[in-house]
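A quick write-up on the structure given underneath.
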Amino acid sequence: MNLAILGTDSVVLVFIEAAISLGHQVVWLGDVRAEDAVALRRLCPTLTGESNWEIVLDHALADAVIVGQGTQHESERCERLKRLVADGISTVVAFPFSTSVLPYYELDMVRREMGGILLALGAWTQAPPLKQLADLIRDGHADVGQVRSLSWVRQLATSDRETVLGSLAVDVEALLDLVGNITKVSAFGPVHDSDDLAGLSVQLQGPAKIPVHWSAARDSGETAATLTLIGDKGQLEVAIPHFAKADSKANLDPWILENVSDRGVPVKHLASHDGPLQTCARLDQAVHARATGQTSTTGKTPNTGEVDWDSAVKTMEIVDAVQMSLQRGRTVAVHHQQFTEQLAFRGMMSIFGCGLLLLGFLILLAAGVVGDTLYPPLFFWWPGGLAILLILFLLLQLVPHLRGGSTSQQAESEGEKTGGDGDS
């Protein structure tokens, strides 16, 4: 599989190394950050950074495009992603690429309409230890009993808004794998529009009835995060290593599980984090399935058992709810939704219909009060004018059917089925 790299960061560097280890090849490189140049010279010694990014829109260039943070502003990065997905380019994007949920909705809508492949890769995406911990939470532990609550403390060097919300998004993606869906969010800390989110504390809860507390602490340099599992008879603590750089083997370090209630119990090494390897393998499978006509209209890969982009959208809806909870100062319900062009059109028509009814009422009021007095002919033609507006509005409802969009209708149907699952 030939890959094009558009924008680099630490996540993309690890993905490149994983792809090369699986026998894939990087054929194009662009938007390279200065701090990534040394690692890229080792990984891709024959490539130099290109400036014209639109080359990657050529389907013949590569089988997939990997999009990282790069040097571009967030808005420019979002526009590039929209172009790639709209053109049907298989894409893997470093997660999160934005702290707002709106770009994820837009990309999800385009993905469903175009039937493209779009995968998100975060620091803990597909981490095997998460599966082990999810089983432990579900089945209980011999030493501490049934797990009743979780505490996730993220170590951060800075507390600026983008860093904190980005880290929260990465961690929430992992927490969804541990406790399932999250439907309620309570956030405490600085004012909602503050650029410094030091002291942010978040309480999460879902149908599993296992409360999750997330907070940020000053980086100690030892671990990226600490997960505490609080059970009936004690506590377990998981030390999560820093996400690997491409020029080290830190990604082979296992997650360490320790019984903090009984230090005499030996620590347990969980599986190593090989999420990038799994994502690369899934991408290869998805590209092959699409080439042979096996990919569904929603862009999901057959037989992978993964939710991919849907999980990224759900994660950002929770991050958006956190920001809303800070603004409102109360608990906020999380509503998971999926949008299509059909649903967006219906929303627009609903707004237009309400405006038309209001306009019709004002016309009726004006005609009845002043029409016969100030301008007698107005009394006779206003019903016809209002009828013409109503007819035009009804004709607009036929616009989606003129496209013959069976794919759009099927995507809408699937979106409606899953869109209400997380409502509360």
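A short reminder: the numbers here are calculations on the coordinates, not readings from a lab. These figures come from a predicted structure and were not determined experimentally. Reconstructed Cβ throughout: ideal geometry from the backbone, glycine too, with neighbour counts over all protein chains shown.
Computing FRET efficiency as 1/(1 + (r/R0)^6) for E76 and N2, where r is the C-beta to C-beta distance and R0 is 25 Å, gives about 0.50.
Would you mind giving the average projected area, over all directions, of the Cα convex hull of the range 1-44 in nm² with one decimal? List each step's numbers first, then the result.
On the way: hull surface 10.6 nm².
Here the figure is 2.6 nm², rounded to one decimal.
Length gained on full extension, E162 to S194, computed as 0.36 nm times the residue gap minus the Cα-Cα distance: 10.4 nm.
Among F361, F188, F15, sorting on how many other beta-carbon atoms sit within 10 Å of each Cβ, with the fewest leading, yields F361, F188, F15.
The convex hull defined by the C-alpha atoms of the range 74-200 has an orientation-averaged projected area of 9.8 nm². Footprinting exposure proxy ranking of R154, R330, R112, fewest other C-beta atoms within 10 angstrom first, gives R330, R154, R112. Length gained on full extension, Q25 to E258: 79.9 nm, using 0.36 nm per residue less the C-alpha separation. Binning all Cα-Cα separations of the range 67-127 at 5 Å, short to long from zero, yields these whole-percent fractions: 4, 19, 31, 27, 15, 4, 0.
S186 sits among other residues whose Cβ lies under 11 Å from its own Cβ, and their net charge, with Lys and Arg +1 and Asp and Glu -1, is +3.
The calculated FRET efficiency for T46 paired with L395, based on their beta-carbon distance and R0 = 56 Å, is about 0.45. 3J(HN,Hα) along the range 16-31, derived from phi through the Karplus expression 6.51 cos²θ - 1.76 cosθ + 1.60 where θ = phi - 60°, amounts to 4, 4, 5, 5, 5, 5, 8, x, 8, 9, 8, 10, 8, 9, x, 6 Hz, with x in place of Gly and Pro.
If neighbour count is taken as other Cβ atoms inside 10 Å, put H24, H288 in order from fewest to most. Display every interim value, and only then the final one.
On the way: H24 19, H288 14.
Exposure proxy ranking, most exposed first: H288, H24.
Summary of the geometry: the range 85-104 and the range 1-69, compared by the centres of their Cα atoms, lie 17 Å apart. Here A86 and D219 are evaluated by their C-beta separation; at R0 = 25 Å the FRET efficiency comes out at 0.05.
When the alpha carbon gyration tensor of the range 113-265 is reduced to an equivalent ellipsoid, its three semi-axes come out at 24, 19, 19 angstrom, largest first. Proximity of backbone amide H atoms, modeled 1.01 Å from N, is registered between V334 and K184, V185 at under 5 Å, excluding neighbours fewer than 5 places apart on the same chain.
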